[in-house]
Amino acid sequence: MNLVRSFLAICVMALCLAEPASAQRDPILVPEVSQHEVQVRQGFVGTELLLFGAILDPSGARAGRDYEIVVVLKGPTGAIRVREKERIGGIWINATTTDFRSAPSFFAVASSAPISEIVDERTAAIYELGLGFIQLSPTGTIDPEEQTKFTEGLVDLRQREGLYKEDMGGVQINEQVLYQARISLPSNVQTGTYTAETFAITRGRVIASAIAEVEVRKVGFERFVEVFSQKQAFFYGLIAVFLSIFMGWMAGRVFAMM
């Protein structure tokens, strides 16, 4: 809490040095993250990010009373293929598939109140305020019902993996100015740049937004392996095949001696 209070003091000082309140109409939203870099080492079990900040109304009103806050933490996006399995003749096989161009590797939403009580569905879809409003950008022509089925399947899968989550009521607004939310990153997060976008909403309208970034990167031996696999893909593949053969041979020898 001391970190948050110190942050508020800095924000108030900056507001005092800014242009006169009468010259501004929109509130000032200043976000911050407890750590801007997450280091993934051997034995990494995940971490928790504290996303906090302040919404300052230049008119002098205590902004927190009239505004709701929504925080969206999104990981690197990438193309993904989703397959649907069907049981035919007692065997599960891949049936239909669809491709998405920009599925986020991680997606979490925290809000000070249920999204349905803050904005309408159109606004929620524009700003991706919830798991039901993720913009995945499917490729090619696909039936709307099929698209909905595959989208829900992908979201459900990543929810079970701990990569997609939402917490309605997960944002706390303190002293009518400060806000904070805690979002956990699981051990299987993808490395890259994560964006934490904060939205201030009143009367169903987004009136301010701001972005903070978090870098998730591997360090130590894990970083060496990642860089080597990217820059020396051929030799990395040969080593992987050799290790697989060697471990299989060792396992056979062990079982033969028992």
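The values are calculated or read from the model by the stated rules, or taken from the named source; none is laboratory data. Remember, predicted model here, so these are calculated numbers, not experimental data. No Cβ is skipped: glycine too gets one built from the backbone with ideal geometry, and neighbour counts run over all protein chains shown. When the accessible area is computed, the model is the full protein with side chains, heavy atoms only, and any ligands, DNA or RNA have been set aside. Shrake-Rupley method; radii C 1.70, N 1.55, O 1.52, S 1.80 Å.
The set of residues from the range 58-93 being at pLDDT below 70 and under 16 Å from S209 (Cα atoms) comprises P58, A63, G64.
In the range 101-133, which residue that is polar (S, T, N, Q) and not in a strand (DSSP E or B) is most open to solvent (accessible area, probe 1.4 Å)? Here the residue is S116.
The condition (being more than 23 Å from G78 (Cα to Cα) and of a type in the set (F, W, Y)) is satisfied by just one residue among F199, F150, F133: F199.
Within the range 108-128, identify whether any single residue is small (G, A, S), at pLDDT below 90 and more than 21 Å from A196 (Cβ to Cβ), and answer yes or no. Within the range 108-128, not a single residue is small (G, A, S), at pLDDT below 90 and more than 21 Å from A196 (Cβ to Cβ). Looking at the range 29-44, I want the residues that are open to solvent by less than 60 Å² (accessible area, probe 1.4 Å) and have a partner that is polar (S, T, N, Q) and part of a loop (DSSP other than H, G, I, E, B) with Cβ atoms under 6 Å, at least 6 apart or on another chain. Which pairs are those? Final answer for the pair search is F44/S187.
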